[in-house]
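Structure first, then comments.
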Amino acid sequence: MSIILECNSLTKAFGKKRALSDISLNIEKGKIIGLLGPNGSGKTTFIKLLNGLLTPTSGEIRVSGIQPGIETKKIISYLPEKTYLNDWMRVHQIIELFCDFYEDFKPEKAYDMLKRLNINSNDRLKTMSKGTKEKVQLILVMSREAELYLLDEPIGGVDPAARDYILETIINNYSANSSIIISTHLISDIEKVLDHVIFIKDGQLVLTSSVDEIREENGKSVDGLFKEVFKC
Ligand SMILES: Nc1ncnc2c1ncn2[C@@H]1O[C@H](COP(=O)(O)OP(=O)(O)OP(=O)(O)O)[C@@H](O)[C@H]1O
(Lines give C-alpha, C1' and ligand atoms only; values in the text may rest on other atoms or scores of the structure.)
Protein backbone atom coordinates (compact mmCIF):
# COMPACT_ATOMS: atom_id res chain seq x y z
CA MET A 1 0.00 0.00 0.00
CA SER A 2 1.53 3.35 -0.89
CA ILE A 3 0.77 6.28 1.33
CA ILE A 4 0.43 9.88 0.17
CA LEU A 5 -0.19 11.43 3.58
CA GLU A 6 1.04 10.35 6.99
CA CYS A 7 0.62 12.25 10.26
CA ASN A 8 1.82 11.11 13.68
CA SER A 9 0.62 13.12 16.70
CA LEU A 10 0.71 16.27 14.55
CA THR A 11 0.23 19.40 16.66
CA LYS A 12 0.39 23.06 15.70
CA ALA A 13 0.06 25.86 18.24
CA PHE A 14 0.07 29.63 17.70
CA GLY A 15 1.13 30.89 21.13
CA LYS A 16 -1.39 29.38 23.55
CA LYS A 17 -3.87 28.57 20.78
CA ARG A 18 -3.75 24.95 19.58
CA ALA A 19 -4.92 25.07 15.98
CA LEU A 20 -4.30 21.31 15.56
CA SER A 21 -3.93 18.73 18.33
CA ASP A 22 -2.44 15.28 18.13
CA ILE A 23 -3.60 14.33 14.62
CA SER A 24 -2.59 10.84 13.51
CA LEU A 25 -3.70 9.38 10.18
CA ASN A 26 -2.56 7.62 7.00
CA ILE A 27 -4.12 8.08 3.58
CA GLU A 28 -3.43 5.92 0.51
CA LYS A 29 -2.45 7.39 -2.85
CA GLY A 30 -4.92 7.88 -5.68
CA LYS A 31 -7.81 9.28 -3.66
CA ILE A 32 -9.85 12.49 -3.65
CA ILE A 33 -10.04 13.52 -0.01
CA GLY A 34 -12.42 16.03 1.54
CA LEU A 35 -10.95 17.98 4.47
CA LEU A 36 -14.09 19.06 6.26
CA GLY A 37 -14.81 21.04 9.39
CA PRO A 38 -16.52 24.22 10.60
CA ASN A 39 -14.88 27.68 10.58
CA GLY A 40 -11.70 27.82 12.64
CA SER A 41 -11.40 24.02 12.92
CA GLY A 42 -7.84 23.98 11.52
CA LYS A 43 -8.27 23.13 7.81
CA THR A 44 -6.05 25.89 6.41
CA THR A 45 -3.45 25.24 9.12
CA PHE A 46 -3.40 21.56 8.10
CA ILE A 47 -3.00 22.41 4.41
CA LYS A 48 -0.18 24.88 5.19
CA LEU A 49 1.63 22.22 7.24
CA LEU A 50 1.31 19.80 4.31
CA ASN A 51 2.72 22.41 2.00
CA GLY A 52 5.65 23.36 4.26
CA LEU A 53 4.35 26.93 4.76
CA LEU A 54 4.07 26.16 8.48
CA THR A 55 6.15 23.77 10.59
CA PRO A 56 4.65 21.49 13.26
CA THR A 57 4.99 22.44 16.93
CA SER A 58 5.32 18.71 17.62
CA GLY A 59 4.65 15.43 15.87
CA GLU A 60 5.32 14.52 12.26
CA ILE A 61 3.86 14.99 8.82
CA ARG A 62 5.00 13.28 5.61
CA VAL A 63 3.86 13.60 2.02
CA SER A 64 4.79 10.58 -0.09
CA GLY A 65 7.22 9.67 2.70
CA ILE A 66 8.99 13.07 2.70
CA GLN A 67 8.82 15.86 5.27
CA PRO A 68 7.29 18.98 3.66
CA GLY A 69 10.02 21.30 2.29
CA ILE A 70 11.76 22.11 -0.97
CA GLU A 71 11.53 18.50 -2.22
CA THR A 72 7.76 18.30 -1.75
CA LYS A 73 7.18 21.61 -3.62
CA LYS A 74 8.00 19.65 -6.79
CA ILE A 75 5.23 17.14 -6.17
CA ILE A 76 2.54 19.35 -4.62
CA SER A 77 0.33 21.75 -6.56
CA TYR A 78 -1.30 24.20 -4.14
CA LEU A 79 -4.34 26.42 -4.47
CA PRO A 80 -4.29 28.84 -1.53
CA GLU A 81 -7.38 30.28 0.12
CA LYS A 82 -6.45 33.79 -1.08
CA THR A 83 -5.09 34.73 -4.49
CA TYR A 84 -1.38 35.30 -4.91
CA LEU A 85 -1.44 36.17 -8.63
CA ASN A 86 -0.81 39.67 -10.01
CA ASP A 87 -4.17 40.77 -11.27
CA TRP A 88 -2.81 43.14 -13.96
CA MET A 89 -1.48 40.10 -15.84
CA ARG A 90 -3.24 38.48 -18.77
CA VAL A 91 -4.05 34.78 -18.38
CA HIS A 92 -1.63 33.73 -21.15
CA GLN A 93 1.18 35.68 -19.40
CA ILE A 94 0.50 33.81 -16.18
CA ILE A 95 0.57 30.54 -18.14
CA GLU A 96 4.02 31.50 -19.50
CA LEU A 97 5.17 32.23 -15.95
CA PHE A 98 3.92 28.85 -14.74
CA CYS A 99 5.71 27.12 -17.66
CA ASP A 100 9.00 28.74 -16.54
CA PHE A 101 8.39 27.97 -12.91
CA TYR A 102 7.07 24.40 -12.90
CA GLU A 103 8.62 21.59 -14.94
CA ASP A 104 5.41 19.59 -14.70
CA PHE A 105 3.13 22.40 -15.97
CA LYS A 106 1.19 21.45 -19.13
CA PRO A 107 0.06 24.62 -20.98
CA GLU A 108 -2.07 22.65 -23.45
CA LYS A 109 -4.13 21.34 -20.53
CA ALA A 110 -4.63 24.89 -19.23
CA TYR A 111 -5.72 26.24 -22.65
CA ASP A 112 -8.07 23.29 -23.13
CA MET A 113 -9.78 23.86 -19.75
CA LEU A 114 -9.98 27.64 -20.36
CA LYS A 115 -11.70 26.97 -23.67
CA ARG A 116 -14.16 24.56 -22.10
CA LEU A 117 -15.03 27.14 -19.45
CA ASN A 118 -15.26 29.95 -22.04
CA ILE A 119 -12.45 32.03 -20.55
CA ASN A 120 -10.40 34.22 -22.89
CA SER A 121 -6.66 33.84 -22.23
CA ASN A 122 -6.11 37.40 -23.42
CA ASP A 123 -8.15 38.86 -20.54
CA ARG A 124 -6.50 40.42 -17.52
CA LEU A 125 -7.38 38.92 -14.13
CA LYS A 126 -8.44 42.31 -12.75
CA THR A 127 -11.24 42.58 -15.32
CA MET A 128 -12.72 39.22 -14.29
CA SER A 129 -15.43 38.42 -11.77
CA LYS A 130 -14.44 36.72 -8.51
CA GLY A 131 -15.82 33.38 -9.71
CA THR A 132 -13.96 33.54 -13.04
CA LYS A 133 -10.70 34.40 -11.24
CA GLU A 134 -11.23 31.33 -9.06
CA LYS A 135 -11.75 29.20 -12.13
CA VAL A 136 -8.49 30.50 -13.68
CA GLN A 137 -6.52 29.76 -10.52
CA LEU A 138 -7.97 26.29 -10.25
CA ILE A 139 -7.15 25.61 -13.92
CA LEU A 140 -3.53 26.72 -13.37
CA VAL A 141 -3.15 24.50 -10.31
CA MET A 142 -4.74 21.48 -12.03
CA SER A 143 -2.57 21.91 -15.16
CA ARG A 144 0.47 20.69 -13.27
CA GLU A 145 1.11 16.94 -13.26
CA ALA A 146 1.53 16.79 -9.51
CA GLU A 147 1.42 13.86 -7.09
CA LEU A 148 -0.73 15.82 -4.67
CA TYR A 149 -3.11 18.72 -5.29
CA LEU A 150 -4.00 20.82 -2.24
CA LEU A 151 -7.12 22.89 -2.87
CA ASP A 152 -8.11 25.25 -0.05
CA GLU A 153 -11.76 26.29 -0.61
CA PRO A 154 -11.58 26.01 -4.40
CA ILE A 155 -15.14 26.78 -5.52
CA GLY A 156 -16.60 29.07 -2.86
CA GLY A 157 -17.08 32.01 -5.25
CA VAL A 158 -18.26 30.00 -8.23
CA ASP A 159 -21.99 29.96 -9.00
CA PRO A 160 -23.74 26.64 -8.26
CA ALA A 161 -24.51 26.02 -11.95
CA ALA A 162 -20.81 26.07 -12.86
CA ARG A 163 -19.63 24.01 -9.85
CA ASP A 164 -20.53 20.63 -11.33
CA TYR A 165 -18.83 21.50 -14.57
CA ILE A 166 -15.68 22.58 -12.76
CA LEU A 167 -15.62 19.46 -10.62
CA GLU A 168 -15.94 17.35 -13.77
CA THR A 169 -13.10 19.31 -15.33
CA ILE A 170 -10.94 18.60 -12.29
CA ILE A 171 -11.71 14.90 -12.27
CA ASN A 172 -11.17 14.48 -16.01
CA ASN A 173 -7.82 16.20 -15.87
CA TYR A 174 -6.13 14.43 -13.05
CA SER A 175 -4.30 11.15 -13.29
CA ALA A 176 -5.48 8.17 -11.27
CA ASN A 177 -2.13 7.98 -9.44
CA SER A 178 -2.44 11.49 -8.06
CA SER A 179 -4.25 12.51 -4.90
CA ILE A 180 -6.36 15.60 -4.22
CA ILE A 181 -7.15 17.15 -0.84
CA ILE A 182 -10.04 19.61 -0.99
CA SER A 183 -10.97 21.78 1.97
CA THR A 184 -14.52 23.09 1.68
CA HIS A 185 -17.80 23.97 3.36
CA LEU A 186 -19.72 23.07 0.19
CA ILE A 187 -20.01 19.41 1.07
CA SER A 188 -23.19 18.56 -0.80
CA ASP A 189 -21.75 20.02 -4.01
CA ILE A 190 -18.50 18.16 -3.75
CA GLU A 191 -19.31 14.87 -2.05
CA LYS A 192 -20.04 13.01 -5.28
CA VAL A 193 -16.36 13.27 -6.25
CA LEU A 194 -14.90 12.36 -2.85
CA ASP A 195 -13.38 8.93 -2.04
CA HIS A 196 -12.37 9.71 1.52
CA VAL A 197 -13.18 12.32 4.16
CA ILE A 198 -11.36 13.79 7.14
CA PHE A 199 -13.54 15.62 9.69
CA ILE A 200 -11.82 18.02 12.07
CA LYS A 201 -13.31 20.05 14.90
CA ASP A 202 -11.47 22.47 17.17
CA GLY A 203 -8.19 21.14 15.83
CA GLN A 204 -9.00 17.52 16.72
CA LEU A 205 -9.52 14.61 14.34
CA VAL A 206 -13.16 13.52 14.58
CA LEU A 207 -13.27 10.99 11.72
CA THR A 208 -11.17 9.64 8.87
CA SER A 209 -13.16 7.28 6.66
CA SER A 210 -13.86 6.24 3.10
CA VAL A 211 -17.08 7.68 1.72
CA ASP A 212 -18.36 4.15 0.93
CA GLU A 213 -17.94 3.18 4.60
CA ILE A 214 -19.92 6.23 5.71
CA ARG A 215 -22.77 5.34 3.36
CA GLU A 216 -22.73 1.63 4.27
CA GLU A 217 -22.22 1.91 8.04
CA ASN A 218 -24.24 5.04 8.76
CA GLY A 219 -26.71 4.91 5.87
CA LYS A 220 -26.02 8.62 5.43
CA SER A 221 -24.52 10.99 2.92
CA VAL A 222 -21.32 12.80 3.92
CA ASP A 223 -23.34 16.02 4.10
CA GLY A 224 -25.88 14.32 6.40
CA LEU A 225 -23.18 12.95 8.69
CA PHE A 226 -21.36 16.31 8.75
CA LYS A 227 -24.56 18.10 9.83
CA GLU A 228 -25.09 15.51 12.58
CA VAL A 229 -21.49 15.64 13.89
CA PHE A 230 -21.20 19.42 13.75
CA LYS A 231 -24.72 20.35 14.87
CA CYS A 232 -24.62 23.71 16.69
N1 LIG B 1 -1.20 32.83 12.37
C2 LIG B 1 -2.07 32.57 13.34
N3 LIG B 1 -1.92 33.09 14.58
C4 LIG B 1 -2.80 32.81 15.57
N5 LIG B 1 -3.87 31.99 15.43
C6 LIG B 1 -4.07 31.43 14.24
C7 LIG B 1 -3.19 31.69 13.13
N8 LIG B 1 -3.63 30.98 12.05
C9 LIG B 1 -4.75 30.32 12.47
N10 LIG B 1 -5.00 30.59 13.77
C11 LIG B 1 -6.10 30.05 14.59
O12 LIG B 1 -6.10 28.64 14.45
C13 LIG B 1 -7.43 28.13 14.35
C14 LIG B 1 -7.59 27.34 13.05
O15 LIG B 1 -7.55 28.27 11.95
P16 LIG B 1 -7.66 27.79 10.44
O17 LIG B 1 -7.53 29.01 9.58
O18 LIG B 1 -6.71 26.68 10.20
O19 LIG B 1 -9.16 27.25 10.38
P20 LIG B 1 -10.08 26.85 9.14
O21 LIG B 1 -10.72 25.55 9.49
O22 LIG B 1 -9.28 26.89 7.87
O23 LIG B 1 -11.16 28.00 9.16
P24 LIG B 1 -12.11 28.61 7.98
O25 LIG B 1 -13.05 27.52 7.55
O26 LIG B 1 -12.84 29.71 8.68
O27 LIG B 1 -11.22 29.09 6.86
C28 LIG B 1 -8.36 29.34 14.45
O29 LIG B 1 -8.78 29.46 15.78
C30 LIG B 1 -7.47 30.50 14.07
O31 LIG B 1 -7.88 31.70 14.69
So Tyr84, is it of a type in the set (Ser, Thr, Tyr) and either in contact with a Pro (Cβ under 7 Å, 6 or more places away or on another chain) or surrounded by 13 or more Cβ atoms within 10 Å (Cβ to Cβ) (or both):
no
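Among the residues of the stretch 41-65, write down those that are loosely packed, with under 14 Cβ neighbours inside 10 Å and closer than 17 Å to Leu25 by Cα.
Ser58, Glu60, Gly65 - these are the residues of the stretch 41-65 that are loosely packed, with under 14 Cβ neighbours inside 10 Å and closer than 17 Å to Leu25 by Cα.
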Which of the residues that make up the stretch 149-196 are at pLDDT below 80 and aromatic (Phe, Trp, Tyr)?
Tyr165, Tyr174
If you go through the stretch 145-197 one residue at a time, how many are under 21 Å from Leu117 (Cα atoms) and of a type in the set (Gly, Ala, Ser)?
5
Testing Tyr149 on (1) within 16 Å of the chain's Cα centre (by Cα); (2) assigned to a loop (DSSP other than H, G, I, E, B); (3) under 25 Å from Met89 (Cα atoms), one condition comes back false. Which one is that?
(2)
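The values are calculated or read from the model by the stated rules, or taken from the named source; none is laboratory data. Fair warning: this is a prediction, and the values are worked out from it, not measured in the lab. Cβ sites come from the backbone with ideal geometry, for glycine too, and all protein chains shown count toward neighbours.
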